[in-house]
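K.L.:
First the structure, which I've put down as structure tokens, then a few questions once you've had a look.
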Amino acid sequence: MVNLFRKHSRVDNNSIHNGVKLITVAQPKSVIAEQFRTIRTNISFMGIDRPIKSLAFTSANVSEGKSTVAANIAVVWANTGKRVLLIDADLRRPTLHKTFNLSNQVGLTSILTADEETVDITSMVRGTDVNNLSVITSGPIPPNPAELLNSKRMRSLLNAVRNAFDVVILDVPPLLEVSDTQALISQLDGVVLVVKVGQTQKIAAKRAVELTKLSKARLLGYVMNDVGRGGDSAYGYGYGYGYGYGYGYGYSTDNK
Ligand SMILES: Nc1ncnc2c1ncn2[C@@H]1O[C@H](COP(=O)(O)OP(=O)(O)O)[C@@H](O)[C@H]1O
Ligand SMILES: [Mg+2]
């Protein structure tokens, strides 16, 4: 099954080595940064009745832009003055420490494996150059990421940070590749699916939507990561957004 979904995928490991591009920091006045702000506004509109204090960005497969979108949304959210915490919960392909040039000797996995009575969570929460934005990096990669992410400890950590921050954003593993994600996203106020235009297969996107439903997570919408479409340069960023649970996405996978 999984192989079928991965047929056309182009795994790009660049962000694992170099982090993701924080265009919202480098070029805050750019069109792309503005698009991230629009996405953030739309996500917060979804929280009018039930405030969204914790949310995750996920995707069907790896390398579709989860970390890029999660980090840039975290930046623009922090820019509004809210206290934002970004957590790298993609324990197999962590990128956050590279993105913010932090060491990764301690992080999420250290919190989850330490003695609950004595662990000092605040020392694992790191500041960044962006005002109001704090991060928890992945920490050393464990052999059992699924167990850690689904542990009681993870739930109590989420409760603790939800109280300490205005918004908690998680960069989580892709839905179709690993089982960790479903249980994790069901504990959050919402999940946003990142879809890479021209790469994510329709069948994979459908399955990802189904899995969010099965896990009883609240699907807030999707971000269309429009990489280099229309003959733009290699970094033809463009983000669309849309909301709804339908399968009739406005993108095509036929031209690949
Ligand atoms: N819109 C985009 N245009 C060009 N490159 C992109 C775009 N979005 C992501 N990338 C690149 O694709 C790679 C995978 O993105 P990343 O955010 O790390 O994906 P994921 O977290 O889903 O694995 C990275 O090298 C990133 O820089
Ligand atoms: Mg990632």
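K.L.:
Compute the separation of the alpha-carbon centres of the range 142-211 and the range 11-80 and state it in Å as a whole number.
P.N.:
15 Å
K.L.:
Each label point is 7 Å from the Cα along the Cα-to-Cβ direction; what then is the distance between the points at Asp129 and Glu34, in nm?
P.N.:
Going from the Asp129 label point to the Glu34 one covers 2.5 nm.
K.L.:
To continue, here is another question. Can you tell me which of 144-154, 95-105, 56-66 comes out highest on packing, and rank the rest after it, using the mean Cβ neighbours within 10 Å?
P.N.:
Top of the packing list down: 56-66, 95-105, 144-154.
K.L.:
What ranking do 70-83, 106-119 get when scored by the average of other Cβ atoms within 10 Å per residue, highest first?
P.N.:
So the order, starting with the most tightly packed, is 70-83, 106-119.
K.L.:
Let me ask another. So for Thr38, Thr128, Thr200, fewest C-beta neighbours within 10 Å to most, what's the order?
P.N.:
With the sparsest Cβ surroundings first, the list reads Thr38, Thr128, Thr200.
K.L.:
Collect residues whose amide H, placed 1.01 Å from N in the peptide plane, falls under 5 Å from the amide H of Val223; neighbours closer than 5 in sequence don't count.
P.N.:
Counting only residues 5 or more places away or on other chains, the set is Leu193, Val194, Val195.
K.L.:
At a Förster distance of 30 Å, what's the computed FRET efficiency of Ile203 paired with Arg155, Cβ-Cβ distance as r, to 0.05?
P.N.:
That pair, Ile203 with Arg155, gives E of 0.40.
K.L.:
Which of the residue pairs Lys21/Lys196; Lys66/Lys213; Lys152/Lys206; Lys29/Lys66; Lys98/Lys152; Lys66/Lys206 have a Cα-Cα distance greater than 25 Å in the structure shown?
P.N.:
Long pairs (Cα-Cα over 25 Å): Lys152/Lys206; Lys98/Lys152.
K.L.:
At 4 °C and 1.567 mPa s, what whole-number value in µm²/s does Stokes-Einstein give for the translational diffusion of the range 62-189, with Rh from the Kirkwood sum over Cα pairs?
P.N.:
Estimated diffusion coefficient is 89 µm²/s.
K.L.:
Right, another one. For the range 44-100, what relative contact order do you get, as a whole percent, if you take Cα pairs closer than 8 Å and at least 6 residues apart?
P.N.:
Relative contact order here is 21 percent.
K.L.:
Follow-up question, since we're still on this one. With θ set to phi - 60° and the Karplus curve 6.51 cos²θ - 1.76 cosθ + 1.60, what are the ³J(HN,Hα) couplings of the range 124-131 in order, to the nearest whole Hz, using x for Gly and Pro?
P.N.:
Along the range 124-131, the couplings run 8, 8, 10, x, 10, 6, 8, 3 Hz.
Laboratory data are not the source of any read-out in this text; all were calculated from the coordinates shown. These numbers come from a predicted model, not from an experiment. Glycine also receives a Cβ, built like all others from the backbone with ideal geometry; neighbour counts cover every protein chain displayed.
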